[in-house]
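Notes follow the structure.
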Ligand SMILES: [Mn+2]
């Protein structure tokens, strides 16, 4: 287990590498070339520049989150093969820079979705929250405006303005894409990148859909144990793995996170571990990482990772906004640092308990 922190890169993140370096036990970051559009090539030089920035600060790049998959690939348009060729070149260029773990998702149009980016909790902290009744009432066009208003002037991951400008067109493009077609396009993509992944020992970790059910009439295909097993079996190779995201999978209360960890044993290169609190079946809010603050048993999750031989990288996930910090919602320094240390505390105790 290697603890890391997500960092969006120069110009996109309020948190500095110098601050991250001072979080106990964190020696690596998970980062990206944030300005890149899905479908574009990442050159070896661009990656080397990013790597140098990180290494000059005394850290290393532990993984990329994300190399985004274009809607053309997800839909299977005429431009799919061109975009896949570019993706393969990007993977080669990452490997040349000794980066071997890549997170991506296969969610149509929208990345993770929340209805509130700063809900106030009883302790005065603010968190991301989701309410299904609100989602049912708004059309995606208004979703865009409300997210823009709520995001403190930061560009939200997955909600980049360039992409949201094309909403209407995107919905039209996805008109004939049902869950079966989307899944087949995922398999097509995974098979196409297979040779380069195997040649360079790349480990791909698909991020689960968040929330873990279809929204706005768009299909979602990585939502729970059954769909994850189906995905892992469809391309049954070590390079085809899962980014275990407890918060995303946990958005569906029927998901047994520990059962999913066991089912994906050996195929989890990367884990996002965070807690959330369910208020009722249609409303949840993100919580501190501590088990007692939310609805999840974080000890049990960490223990199942340990017991299944998890040897990948891990990061705390969305944090609360606390101590008057102004940052991208979910991605402040303080609460994620608390999360990183708490998770390492659980891990240390589990490990020593097993060894004694
Ligand atoms: Mn996640």
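Here, each number is a calculation from the coordinates, and none is a lab measurement. Because the structure is a prediction, the values reported are computed rather than measured. So basically every Cβ, Gly included, is an ideal-geometry build from the backbone, and we count neighbours across all protein chains shown.
Please list log₁₀ I(q)/I(0) at q = 0.12, 0.16, 0.23, 0.25 Å⁻¹ for region 38-110, using the Debye equation with identical point scatterers on the alpha-carbon positions. Log10 I(q)/I(0), no solvent term: -0.35, -0.59, -1.01, -1.12. If a spin label sat at a point 7 angstrom from the Cα of residue 213 along the line to its beta carbon, the backbone N atoms of region 251-270 nearer than 14 Å would be those of 251-255. Fewest-first ordering of 31, 53, 16, 115 by other beta carbons within 10 Å of each residue's beta carbon gives 16, 53, 115, 31.
How would you classify region 223-269 from its alpha-carbon gyration tensor, with a ≥ b ≥ c the square roots of the eigenvalues: rounded for a/c under 1.5, else prolate if a/b is greater than b/c, otherwise oblate? Prolate, since a/c reaches 1.5 and a/b exceeds b/c.
Counting other Cβ atoms within 10 Å as a rough exposure proxy, the listed residues 286, 169 run 169, 286 from fewest neighbours to most. Subtracting the Cα-Cα distance of residue 14 and residue 133 from their residue separation scaled by 0.36 nm leaves 39.6 nm.
Ordering of 120-128, 91-99 by packing is 91-99, 120-128, highest average first (other Cβ atoms within 10 Å, averaged per residue). By the count of neighbouring beta-carbon atoms within 10 Å, fewest first, 171, 284, 310 end up ordered 171, 310, 284. Sorted from longest to shortest, the spans of the Cα atoms of the chain along the three principal axes equal 54, 47, 39 Å. Spin-label model, residue 262 to residue 226: label points 7 Å out along the Cα-to-beta-carbon direction sit 1.9 nm apart.
Helical runs assigned H by DSSP (4 residues or longer) give the chain a calculated mean residue ellipticity at 222 nm of -12000 deg cm²/dmol, each run adding -39500 (n - 2.57) before division by the residue total.
Distance from the Cα centre of region 238-303 to that of region 21-62, in angstrom? Region 238-303 and region 21-62 have Cα centres separated by 26 Å.
Between residue 37 and residue 351, the modelled labels are 4.4 nm apart [label points 7 Å from Cα along Cα→Cβ]. Rounded to 0.05, the FRET efficiency of the residue 300 and residue 172 pair, given R0 = 51 Å and the Cβ-Cβ distance, is 0.70.
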